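Each remark here refers to the structure printed beneath this line.
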Amino acid sequence: MKLMTCPINGPRVISEFAYGGEVRSMPDPEKADDAAWADYVFNHNSLPAVKAEWWCHTPSGVWFIAERDTATDTILRTSLYAIWRGQGQAVS
Amino acid sequence: MSRRLPHVQGERIDRGNTVEFTFEGRRLQGYRGDTISSALVASGARVLGRSFKYHRPRGLLSAAGHDVNALMQVRREDGSVPNVRADVVQVAADWDINAVNTRGGLARDRLAIFNRLAPFLPVGFYYKAFHSKRWFPRWERMFRNLTGLGEVDLRAPHRSTPKRYEFCDVLVIGAGPSGLAAALAAAEQGASVLLVDENSSAGGSGLYARGGATQFAQQTEALIATAQGNPRIRLLTSTYAACYYADHWVALVSPECLVKVRARGVIVAQGAYEQPAVFRGNDLPGVMLASAAQRMLYHYAVVTARRVAVLTSNSEGYAAALDALAHGVELAAVLDLRLEAGVDSTAAAQELVRRGVPIHYGVKPIEAVAGADGGVASLVFESTAGVAPGKHTLDLDSVWMSVGFAPANALLHQADARMSYERSTEQFVPQTLPPGIYACGKVNGVYSFADRLEDGRNAGACAAGQIGFGIAVERRAAIAARECPTHPYPVFPHPRGKEFVDFDEDLQVKDLRNACQEGFDSSELLKRFSTVGMGPSQGKHSNMNALRILANVRGEPIERLGPTTARPMFHPVPLAHLAGRGFTPERRTALDSDHEARGAVWMPAGNWRRPEYYAIAGKSREQAIADEVRAVRARVGMIDVGTLGKIEVHGPHAAQFLERLYTARFANLKVGMTRYGLLLDEAGVVVDDGVIGRLGEQAFYFTTTTGNSATLFREFGRLATSWDLPVGLVNLTGHYAALNLAGPASRAVLREHTELDLADVAFPYLGVREAQVAGAPCRIMRVGFVGELGYEIHVPFQHAADVWRALLASGSRFQIQPFGVEAQRMLRLEKGHVIVGQDTDGITNALEIGMPWAIKMDKPFFIGQRSLRVLAKQPRRQTLVGFTLPSSDEASVQARRRPKECHLVLDGGQIAGRVTSVGWSPTLARCIGLGLVTPQVALRKHLRVRIDRGEEIDVEVVQAPFYDPSGERQRVGDPL
């Protein structure tokens, strides 16, 4: 079984984790036109790439960001959201 | 006619311990340590089983766990066990053994008729013959009778097979010379090593491929002893690694159970499967792999032949010839497919010549011919060089084939290794390996004994060094072979066929050629059409030859084709090993035993069980539910709602957080009050609903629906993080039990157990209070889900039963009635209240369910708000309407002609919606329901609904709520 490293609890088996979707930045609801908003809501990018994703270590409830290459299913890095964002990561 | 030798150094049998067993009705003897096959061969048997399709007699082939034509039905004390692998399973006293898949016994199998019908059973026969609908059932019956292997004994006792878990630094798979060397090298550097081998003892080919000498066996024995003495090495025998999963997670199959190993590095030293030559009669009993004969000699002291020819193209074959001579087997000839011996074979060839063994070169086997017993009696071949070029016939009773190997690289494939075809060894070798995976020995294309030790040591040192034990070592390239161990094309078609490529499925050369002819000429298609490699041995002795034939037909180099994928598990695993105990956890509320005692009929709700209703003797389900409904409307009832999700939010941002989550407004919610909110997704679709109560300025307590509580709580945590709203979220679902006391008399019942002022002014509708109830600290919400005066009492789990019983006791003067989920559903349906997930589906948005009061579009933000703005501009796709059926005294007639949930609403023959809730209301004495329908039909007076059996009926559209539309009853209640 695959391993994932929770930034708080260390490496654990993947069955202890839940996926929370790709990190996506929401357009400003006041400024985005209907088409741009619909694009945000419905069009998710499924192309394989290195993606920043929300993951939760379910027994402890820790949410964090995993950077994962979805082409090879390689987990490159995991970090708490605040730290990840503090490093100026671009959101797709 | 014993074929047992005197003591052989290294034999695995215990001669002091005789084992008596029965085979096909004959009483036979072996020794403890014998496999079924070795005991049978020792007592002179050559035919061990029948082939799957043509029922040809078959004998020993690999003696390594892949002899799928020697599968046995074994009747023993604890039941009858099917498909026992005779070549590896040790025989035990009083086993009653029969070959599987015969009619009338092994010797006179009546189904051998299929051998003669073979010309009428071409490749793809099934696909071509069995497509007629009319004939298929007949064919199916016939073939189900004819085919199949052993028989499952349904009376076999239950055996539990718990899983085990193991951890190690380095897992070494295969304890042959290279695996032993690797394990020792890794352990020397400080790594903990788990060394596994599928055989009953370690040593691999080091112990049986002796070449008539003792040095390799002695060196191997010494390695085993050193490994066993090393405290960092644990050796597991009779255990095979069946699959590799991500991050070095390997499933080991031991005789007793499945062992899941997490390693930090994995060394695959699984060696290679010896491959048969493909020529007419290559399946006759007596024709076997040279390694099988050597295993018999050295593991069981059994000689498989009196007079043998060794068909070879490598130094391993010459070594086997010397092994034959060393044990008194008459060597009829060595038949080398090559034009001359290779560098590693020369010395052995000279020795054989010196001892008078004729050696033929440039050999082309023509056919092996069967004798009276069905086994091989002679071999016809041609040679172009050597003692006497020309066509010859040799009388013999065995042919040992040593023409090449296929690497046992299934696990490497599963680990995502890239393979390349290496011409110097004519085999696939790993080209690039993922981090932490190593391959050494024959699977890595390294064959000589000394080279394998060298390769193994290097791999072991690398694996340990890479994870921080000892010094980091560079992995050296595989040591190049001096003599090619594998013939590039050991295939010799015969005009009359019967040259078997696949012994599991009885496939001949022409079958594969015909499959290619029909267009199935890629390795994956060829496999599926011809079934090559799909039998119990999973192609371990057929895939490489099939691939060589395919390459030959296509005129392409083999590397262009690529092997087929070996999925987990690459070797069959007993189903019992994989089976686990059923484990579906079921949550029970604090009041579960009270419900049980009261005759609750259970229904699942999420992963809880809840009372659907309470059964009453002499009353039907419908009557019991109707009584529960009437009790709530007229007197008082109580329902366990402990399965609701219960969440607390704390902090200065708590109100803002909830405003962003739910459609309702919370900033202005007064302390001590609750408010109903819808939870939407980003598309505006209704996901959940709940009642949110404010306990303090910075503290909220709220409920979610039963099924969604765990995932919602998790998602709330994510949203709080991503919104940068530091709130404290506490999941109290398990901590609190909850019950809803509802009905005109509920206030009177509750008053007896609390000092809280229950007067309407002090504790109004939609209020929330913290107070003692029957001595327990509770949270009480005045809610109106069922449409009567009601109190939802949340009580710490451990006090729940006390409170429940106290309320029941004091409610007895009002004939208080516990009610179940069904009654609650009807009560809320009478009120027209929506159940999210029942009256809504995965695309129902918040504007479609008629609750504009619950959606505060003028808030700055809530999830789904922006999408609702888009949707508000568009025409409604559907809308929720109430409907009713005409009142009728004949409830029974009505029941039959009543719509059910999910029945379709029609409009001119087109689907215009569906019924979402429906039931017979005891309060209104008629059938009522809700439906999601198009706005056009919602405006009509009647809906046309298609009910059971395609019948169509009209129902009347009415405005919900059906009962107490002004909501007076829940607001004030009766002044009882």
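When A:I83 is evaluated against the numbered criteria (1) over 26 Å from B:D416 (Cβ atoms); (2) at the interface with another protein chain (Cβ under 10 Å from one of its Cβ atoms), which criterion, by number, is the only one it fails?
For A:I83, the exception is condition (2).
Which one is farthest from the chain's Cα centre (by Cα), of the residues in segment B:384-429 that are more than 30 Å from B:T304 (Cα to Cα) and in a strand (DSSP E or B)?
This residue is B:E422.
Can you run down the residue pairs with Cβ atoms below 7 Å, 6 or more apart or on separate chains, where the first is in segment B:245-270 and away from chain A (no Cβ under 14 Å) and more than 14 Å from B:D197 (Cα to Cα) and the partner is basic (K, R) and assigned to a strand (DSSP E or B)?
Between residues of segment B:245-270 that are away from chain A (no Cβ under 14 Å) and more than 14 Å from B:D197 (Cα to Cα) and residues that are basic (K, R) and assigned to a strand (DSSP E or B), the close pairs are B:C257/B:R164.
When segment B:251-282 is examined, which residues are found to be closer than 26 Å to B:R513 by Cα and in contact with a Ser or Thr (Cβ under 7 Å, 6 or more places away or on another chain)?
Residue satisfying the conditions is B:E274 alone.
I need the full set of residues from segment B:953-970 which are surrounded by 11 or more Cβ atoms within 10 Å (Cβ to Cβ), on the phi < 0 side of the Ramachandran plot, out of contact with any helix residue (DSSP H, G or I) (no Cβ under 6 Å at 6 or more places or on another chain) and touching a residue at least 40 places away in the same chain (Cβ under 8 Å), in order please.
Hits for segment B:953-970 are B:I953, B:V955, B:E956, B:V957, B:V958, B:A960, B:P961, B:R969, B:Q970.
Could you tell me which numbered condition B:Q959 fails, if it satisfies all but one of (1) at pLDDT 95 or above; (2) more than 43 Å from the chain's Cα centre (by Cα)?
(1)
Go through segment A:34-77 and give me each residue that's hydroxyl-bearing (S, T, Y), more than 8 Å from chain B (Cβ to nearest Cβ) and within 17 Å of B:R718 (Cβ to Cβ).
A:S60
Scan segment A:13-26 and give yes if some residue there is within 11 Å of chain B (Cβ to nearest Cβ), within 23 Å of B:D681 (Cα to Cα), among the hydrophobic types (A, V, I, L, M, F, W, C) and more than 17 Å from the chain's Cα centre (by Cα), otherwise no.
No, that holds for no residue.
Looking at segment B:24-36 only, could you name the residues that are closer than 17 Å to B:T102 by Cβ and surrounded by 24 or more Cβ atoms within 10 Å (Cβ to Cβ)?
Scanning segment B:24-36 gives a single hit, B:I36.
Exactly one condition in (1) surrounded by 14 or more Cβ atoms within 10 Å (Cβ to Cβ); (2) away from chain A (no Cβ under 14 Å) is not met by B:P852; state its number.
Result: B:P852 passes all but (1).
Count, please, the residues in segment B:561-600 that happen to be part of a helix (DSSP H, G or I), over 32 Å from the mean Cα position of the chain (by Cα) and surrounded by fewer than 16 Cβ atoms within 10 Å (Cβ to Cβ).
Adding up the residues that qualify gives 3.
B:V836 - would you say it is in contact (Cβ under 8 Å) with a residue 12 or more places away in the chain, part of a strand (DSSP E or B) and either under 22 Å from B:I647 (Cβ atoms) or acidic (D, E) (or both)?
Here the answer is no, as B:V836 does not meet what is asked.
Here's the yes/no breakdown for (1) out of contact with any helix residue (DSSP H, G or I) (no Cβ under 7 Å at 6 or more places or on another chain); (2) modelled with pLDDT of 95 or more; (3) buried (at least 18 other Cβ atoms within 10 Å of the Cβ):
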| position | (1), (2), (3) |
| --- | --- |
| B:G696 | yes, yes, no |
| B:Y701 | yes, yes, yes |
| B:S709 | yes, no, yes |
| B:L741 | no, yes, yes |
| B:V761 | yes, no, no |
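Against the definition (touching a strand residue (DSSP E or B) at 6+ places or on another chain (Cβ under 7 Å) and either in the same structural domain as B:S542 (by TED's automatic domain parsing) or of a type in the set (D, E) (or both)), how does B:E20 come out, yes or no?
Taking the combined requirement at face value, the residue satisfies it.
Sort out which residues of segment A:34-67 are among the small types (G, A, S) and in a loop (DSSP other than H, G, I, E, B), and write them in order of number.
The answer is A:S46, A:A49, A:S60, A:G61.
Within segment B:203-244, restricting attention to residues that are over 25 Å from B:P572 (Cα atoms) and of a type in the set (D, E, K, R), which residue is farthest from the other protein chains (Cβ to nearest Cβ)?
Across segment B:203-244, the extreme among qualifying residues is B:R210.
Considering segment B:657-668 alone, what residues qualify as being buried (at least 19 other Cβ atoms within 10 Å of the Cβ) and among the hydrophobic types (A, V, I, L, M, F, W, C)?
If the condition is that a residue be buried (at least 19 other Cβ atoms within 10 Å of the Cβ) and among the hydrophobic types (A, V, I, L, M, F, W, C), then B:F657, B:L658, B:L661, B:A664, B:F666 are the ones that fit.
Residues that are out of contact with any Cys (no Cβ under 7 Å at 6 or more places or on another chain) and more than 17 Å from B:L885 (Cα to Cα): find the strands (runs of 3 or more DSSP E) completely inside segment B:902-946 holding 2 or more of those.
Those strands (runs of 3 or more DSSP E) span B:910-921.
Among the residues of segment B:319-345, write down those that are touching a helix residue (DSSP H, G or I) at 6+ places or on another chain (Cβ under 7 Å) and either closer than 18 Å to B:A272 by Cα or acidic (D, E) (or both).
Hits for segment B:319-345 are B:A319, B:A320, B:D323, B:D344.
Before we move on, is B:F797 of a type in the set (F, W, Y) and within 14 Å of chain A (Cβ to nearest Cβ)?
no
Specify the residue that is farthest from B:S722 (Cα to Cα); the eligible residues are those in segment A:1-12 that are within 11 Å of chain B (Cβ to nearest Cβ) and assigned to a loop (DSSP other than H, G, I, E, B).
It comes out as A:M1.
Please determine, by comparing only the residues of segment B:61-89 that are of a type in the set (A, V, I, L, M) and under 16 Å from B:E24 (Cβ atoms), which one is surrounded by the fewest Cβ atoms within 10 Å (Cβ to Cβ).
B:V84
So which residues in segment B:431-455 are part of a helix (DSSP H, G or I) and touching a strand residue (DSSP E or B) at 6+ places or on another chain (Cβ under 8 Å), if there are any at all?
B:K442, B:V443, B:N444
Exactly one of (1) over 49 Å from the mean Cα position of the chain (by Cα); (2) crowded, with 19+ Cβ neighbours inside 10 Å is unmet by B:T346. Its number?
(2)
Within segment B:862-884, work out how many residues are away from chain A (no Cβ under 14 Å) and not small (G, A, S).
The total comes to 9.
So which residues in segment A:72-92 are assigned to a loop (DSSP other than H, G, I, E, B) and either at pLDDT 95 or above or within 15 Å of A:R24 (Cα to Cα) (or both)?
A:L80, A:G88, A:Q89, A:A90, A:V91, A:S92
The values are calculated or read from the model by the stated rules, or taken from the named source; none is laboratory data. Because the structure is a prediction, the values reported are computed rather than measured. Backbone-built Cβ (ideal geometry, glycine too); neighbour counts: all protein chains shown.
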